[in-house]
Every structure is written in structure tokens, then in C-alpha cells.
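Contents: one structure, followed by commentary.
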Amino acid sequence: MRVRTATALVTGVAGAAVLVALAAPNAEAAAVGTATGYASVNGGTTGGNGGSTVRATTGTQIHQALCGRASSSTPITIEVQGTINHGNTTKVSGSSCNTAADKIELKGISNVTIIGVGSGAVFDQLGIHIRDSSNIIVQNVTVRNVKKSGSPTSNGGDAIGMESTVRNVWVDHVTLEASGGESEGFDGLFDMKDDTEYVTLSYSILRNSGRGGLIGSSESDTGNSFITFHHNRYENIDSRTPLLRGGVAHIFNNYYYRLNESGINSRAGAKAKVENNYFEDSKDVLGTFYTDAAGYWQVAGNILDNVTWSAPGEDTNPAGPNLTSTTSVSVPYSYRLDNASCVPDVVRQTAGANTGLRTSTGSCGTTNPTTPPATTPPTTTPPTTTPPATTPPPSGTNLSIGAGSDGSSKASGTSYGDVRDGSLSTYWSPSGTTGSISIKWGSATTVARAVIREHSGAVGAIGAWRLLNGDTGAVLKTGSGAGTITFTATSLKKVTFEITGASAAPRVAEFETYAA
């Protein structure tokens, strides 16, 4: 194993600034560019576009900006400049936030952009934690030396961590770095677990760490999926680039340099589409490692430059030295592939914070960024018709009874399972006005109709919605208001009802599903 030789980074303690500069409420704030990959589907990832802009120079000010919004889903862009650390980050309370003193906490919220501006933004020994949240963008920041042991500790040792029903996150042009591995107190640079989906990591640097990142915290945590990694630089990493347990990942045009023990570790039934990447001076860059729970991969166009491989064993199944596909993966979005031979040069010019937010042209060139016009988050205008709470069920068996379920942004005291218990007196509700609830089965089930029944205490609250194929992210139907939804018969293991607009906190009493 190579010894990491990164110089330890020094923590400075700055006093909390006293001023937060607010732009006009209708300022056209936006992240730079648009997401490619899985963050672009499932409704897309727009962050705080269309909302107000706040300038923050301390962690406390970031939390104040989140807590000062009209609601937890009010769009906002937080421009960050300077060093954010334990000395200038405190917990802030409010109805639109749930923050903590030892991390930047994005919990139970939506429609937020955090972007580094000016001379740059550095989160020093302070991690970014995303939990029970959706439509989040983090762009042009550095997060360094976050520890889970030693002092100070933050975010379980993760530079950026996501968990517990997270949807649509785009992390772009960031630098994530540590100064060692677990024995030095560090954990993962980019971790996702406990129902995280539709994430893109792009044009970023991950370096000098024992662990690049994981998707799924254990062999049983396989409900995380639809993750894209493109045009990133992994440098001097021991393993997990990423570790994928279950789910689907698309990994293209990344530059891997000095992967010391293993690289992309697909296991526990995971499927990884790995194409046009460049691997250099590395070991066991792809395969199933440290487990006998097999994962799978589709490979094309990758270049192996001085890559070595272990011999196969009970807990080691390397994909090389002759890379061969063991599955096929279809992705639901368009993208452009650089030839693997030019990936090192393209990534060197584009990846990381404070690099001008340049991107690839898709033909081995780079281009300066463009900023899209501001967009408004999904409308919360109530439907014009009263939802048919007493709609008679379609003929046949309600497939939801006895099935499984999960949901996003669950409000306190409500349960995912209440949408499939056959009772209109119980219900599931998100903590805000948007969220999603799913019905899932252990094997593929054909569904052609769904009925959404609202609880009597919130009839008419549901506005705009989308019905999604939870296996692929494909949109089956869109509409407004509760009631019966008919769509082309589809064989799937999971169907998701996503509420994108409501006049008040919605309550779904029953999510019925039928074969016809």
C-alpha cells in the first residue's frame, strides 16, 4: 500500500461575521450550468434557482439563511466566501430548518444551492450533511479534513454525506480531501446511504483519503441508486471509488490516479456502467472486493495505464486484467463522452473548486461556464377540482396490500405503511408540501393503475404530481390532484408517487395499485 504524503491542513478559527447580505427576494440566483446524469431526471435538480440570494462568510450565517426562509421549501441560493469552521458555526433554530453546531446541516429541506464565490469557500474540518432533503446543489467549494475521531469531529468523518430519503442532489466542481485514512480519524469523502437516489457528482477532486465514498452502508442497505459520476479526479485513494451496494451507478470520463488497494467495488447485486475512464498507476480498479456478494458491471472504452490485478479468491473477484461486461445498464438521460485518451487532460483543466467552473465539450475540449435563466420551483397552486376521495376502486386486487413502502420527508407521527393498510383513517405526510411515497414489491409486478386517496383532514391539498417507475426513474404519468391514475401497464418492483406542489401539507391515506 502506498503511504499518503499529503501535508496536513491547518485549521484557522475566525470570529463570526455580523452581516448577511440579502438580495431582493426575486433575484435571479442560480447555480452555474445544469446537471448531467441522474440528477437531471426525477424532476431535475435546480436547487435555489428563482429564489433569493444570501451571502454568508460563516457557518452560522449559512444556518441563519436556511432558518430565515418562509418555509423549508422556499428556494434560496447561499453564496459562501471564506473559511467555514467549528469556530464560526453554531446551531440556529427555526420552523424552516433543523441545524446543528458541528456540521453544515441540510435536514428536512428542499430547493437550496450552496455555491462558493469570490476568493473561494473552504469548509475546514466541518462536513456537509444532507438528510431527508431534495433538490440540493453544492458547487465550487472545498471540504477538507473532516474527522470521525480525534478532535474536532464532524459529520461522522464524511466530507459530504447523504442519508435517509435524499433525492436529487448535484455536487459539482468541489474539492474533497483528507490527510489519511480511518486510523488517522477520517472516513469517506462522498457517502450515500439509507434511501438516497438521483445524485450526480461531476467535475470534482477527491484525494488523499482511505475511502473515496460508498453507496449503501451495509450489504442490507441496497435501496440507494441512480448515481452518476463523471469528469472527476480520484487521486491517492485507498479504496471505494465508489463502493456500490445494490442499485445502479453510471461512471464515465473520470480520471483515477493512484488507487492504492481497490477502486470501483460493485457488490451485493449492484450494477455499474463504467465507460471511457482513465485508470493510471492503480490496483484492482474494478470488481467485487472484500465480500462474496457479487456485483456486476458493463464496461466500454476504458484505458488501463500501469494497472495491476489481484488473483481471484473467495472474497476477491477482480474485473481484470481483461475487462469484460457481466451485465448491461441503460441510462434514461443523454450525455456526451470524451475519448478516454484525453480524459486526464480534460479533467485536469476542469475538476475541482476555484477552477473557473469549466466543463468538457464532449469532444476532448473544454469550455467556459454559462448560467441558465432562473427557474421557478414547482407550483404550489391548489388544484381546481376537488379530488375524488370516494372514487370507487378499479376492479381486481389492490396490489399495495401486503407490499412494502417508503417515503421522503416523513412528518413526525406518520408512517410509510399507512398508505397500504386499507384504512382511510391513517395516513402518510411529508414534513413540508412536497415529497414522495412508494409502493414496492420483492419481485417484478405489473401495474397499470393507481388510486391516491387523501385523508379527510387534507382533502384538496395535493397539487402537481408525477408517477415514477421506481426501478428506472422514468415518468409514467403527470397530473394534478388526487384520484385515479391510469397509465401503460408496466412491470416494475417499485412505483413512486411524487408530490411536487401542494396548497398545504398533503396527507396520503391510501396509495392503491392495480394490474388493470
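The values are calculated or read from the model by the stated rules, or taken from the named source; none is laboratory data. Quick caveat, the model's predicted, so the values are computed rather than measured. All Cβ positions, even for glycine, are placed from backbone atoms using ideal geometry, and neighbour counts span all protein chains on display. Remember, those area values only see protein heavy atoms, side chains included, never the ligands or the DNA or RNA. Shrake-Rupley method; radii C 1.70, N 1.55, O 1.52, S 1.80 Å.
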The residue from ASP172, ASP132 that alone is out of contact with any Gly (no Cβ under 6 Å at 6 or more places or on another chain), in contact (Cβ under 8 Å) with a residue 40 or more places away in the chain and buried (at least 23 other Cβ atoms within 10 Å of the Cβ) is ASP172
The listed residue being among the polar types (S, T, N, Q), surrounded by 17 or more Cβ atoms within 10 Å (Cβ to Cβ) and free of Cβ contacts under 8 Å to residues at least 60 places away in the same chain, out of ASN317, ASN306, ASN322: ASN317
Please enumerate the residues belonging to segment 325-346 that are over 27 Å from GLY473 (Cβ atoms), out of contact with any Asp or Glu (no Cβ under 8 Å at 6 or more places or on another chain) and not charged (D, E, K, R). ASN339, SER341, CYS342
Taking interchain pairs and intrachain pairs at least six residues apart, which have beta carbon atoms under 6 angstrom, with the first residue in segment 226-243 and among the small types (Gly, Ala, Ser) and the second surrounded by 24 or more Cβ atoms within 10 Å (Cβ to Cβ) and assigned to a loop (DSSP other than H, G, I, E, B)? SER239/SER262
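Per-residue answers, yes or no, for (1) within 26 Å of the chain's Cα centre (by Cα); (2) open to solvent by 20 Å² or more (accessible area, probe 1.4 Å); (3) more than 19 Å from THR222 (Cα to Cα); (4) modelled with pLDDT of 95 or more:
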site: ARG240; (1), (2), (3), (4): yes, yes, no, yes
site: VAL248; (1), (2), (3), (4): yes, yes, no, yes
site: GLY269; (1), (2), (3), (4): yes, yes, no, yes
site: VAL274; (1), (2), (3), (4): yes, no, yes, yes
site: PHE289; (1), (2), (3), (4): yes, no, no, yes
site: TYR296; (1), (2), (3), (4): yes, yes, no, yes
site: SER328; (1), (2), (3), (4): yes, yes, no, yes
site: LEU337; (1), (2), (3), (4): yes, yes, yes, yes
Right, GLY180: without any contact (Cβ under 8 Å) to a residue 40 or more places away in the chain, out of contact with any Asp or Glu (no Cβ under 6 Å at 6 or more places or on another chain), surrounded by fewer than 23 Cβ atoms within 10 Å (Cβ to Cβ) and closer than 17 Å to GLN125 by Cβ or not? no
Taking THR426 and the conditions (1) in a loop (DSSP other than H, G, I, E, B); (2) out of contact with any helix residue (DSSP H, G or I) (no Cβ under 6 Å at 6 or more places or on another chain); (3) among the hydroxyl-bearing types (Ser, Thr, Tyr); (4) modelled with pLDDT under 90, which numbered condition does it fall short on, given that it satisfies the others? (2)
